[in-house]
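Below: the structure, in structure tokens.
Coordinate-derived values only; no laboratory data. Please read all numbers here as calculations on a predicted model, not as lab measurements. With ideal geometry, Cβ positions are generated from the backbone for all residues, glycine too; neighbour counts draw on all protein chains shown.
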Amino acid sequence: MTDRRQFVTFEALAEVVETRGMFQRSVSAIAGPPGSGKSTLAKRLAEALNTRDAQSAAIFPMDGYHFDDSILKERGWRARKGAPHTFDVASFTQMLARLRRNEEDEIAVPVFDRNIEIARNSARIIARSVRHLIVEGNYLLLNAAPWNALGSLFDTTVFLNVPMETLQERLAARWKDLNQEDRSIKLEENDLPNARLVCSESRSPEFIVGTKTTV
């Protein structure tokens with residue numbers, strides 16, 4: 001990423017998102033490497049907006065568009081689950097465009113269940129009354145096809161800037177129940193390469209949340 005970025009506090013970000021969705025649906029992208037806290041920030045932002053105006057905000061996670069394990073195994077991609085090529089980007093893009101148009105009373109979207117490592121179809125309802133749609137995912141700002149086609153669908157873009165050492169600690173904790181060899185494989189052959197890709201190949205966002213150290 002370039003350095004044309006504005007660091008922002010949570011309170012200032014919430015104010016921007018609230019203003020942009022005051023009268024119509026506004027779509028905010030929260031991007032960042034795995035382990036950076038995207039889900040936490042999205043949840044916190046939605047809660048803050050809904051406290052000010054009940055049911056005005058909803059979250060749409062990118063993770064609902066993981067290819068199923070059966071497809072990943074067939075293509076030899078299971079060990080790389082979570083890498084850019086292991087998502088159904090076309091379907092995600094179509095759903096995001098549909099949500100942005102906001103022409104239906106309600107839209108059901110899939111949600112990834114980490115407990116079973118499977119995306120559950122139609123697991124969350126987003127109503128037409130939602131004005132603040134918060135999209136979160138690793139590759140929302142990735143500057144490579146087909147991910148770069150998402151840019152025109154976002155009104156606000158945010159990137160979480162977290163030091164690589166912190167990411168490594170968080171990701172290691174995520175796989176703490178695995179034996180040392182399997183945990184090392186998860187980190188060194190999938191999670192950390194994905195994190196480095198996101199940090200080096202994402203487009204410059206409108207706002208940065210996190211430290212001012214270079215990623």
Quiz item: What size of dipole, in debye to the nearest 20, comes out for region 6-210 about its Cα centre when the only charges are +1 on Lys and Arg C-beta atoms and -1 on Asp and Glu C-beta atoms?
Solution: 160
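Note down, for region 156-214, the three equivalent ellipsoid semi-axes (square root of 5 times each alpha carbon gyration tensor eigenvalue), biggest first, whole angstrom.
26, 12, 9
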Quiz item: In region 116-142, which residues have a backbone nitrogen under 18 Å from the label point lying 7 Å from Asp69's Cα in the Cα-to-Cβ direction?
Solution: 116-121
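Where Rh denotes the Kirkwood radius from the mean inverse Cα pair distance, what is Rg over Rh for the chain? If you can, show how the numbers build up before the last one.
Working: Rg = 16.9 Å, Rh = 17.7 Å.
Radius of gyration relative to Kirkwood radius: 0.95.
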Quiz item: How far apart, in nm, are two points set 7 Å out from the Cα along the Cα-to-Cβ line at Glu106 and at Arg196?
Solution: 4.6
Self-check item: Residue-wise HN-Hα coupling along region 33-43, computed from phi with Karplus coefficients 6.51, -1.76, 1.60 (Hz; x: Gly, Pro)
Solution: x, x, x, 7, x, 4, 4, 5, 5, 4, 5
Practice problem: Quick one: among Glu181, Glu47, Glu189, which has the greatest mean-square fluctuation in a GNM of the chain with alpha-carbon springs under 10 angstrom? | Solution: Glu181
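Let me check against my output: what whole-number percent is the relative contact order of the chain, with C-alpha pairs under 8 Å and at least 6 apart?
Working: 359 pairs, mean separation 76.3, N = 215.
With pairs under 8 Å counted, the relative contact order is 35 percent.
Based on the inverse mean of 1/r over its pairs of different Cα atoms, what is the Kirkwood hydrodynamic radius of region 97-215, in Å?
Values: mean 1/r = 0.0596 Å⁻¹.
16.8 Å is the Kirkwood radius here.
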Quiz prompt | Dipole axis of the chain (+1 Lys, Arg; -1 Asp, Glu on Cβ), positive-most option in Ser200, Ile118, Thr40 | solution = Ser200
Quiz item: Which of the aspartates and glutamates could a cross-linker bridge to Lys176, judged by Cα under 17 Å and excluding same-chain residues fewer than eight apart?
Solution: Glu117, Glu165, Glu188, Glu189, Asp191
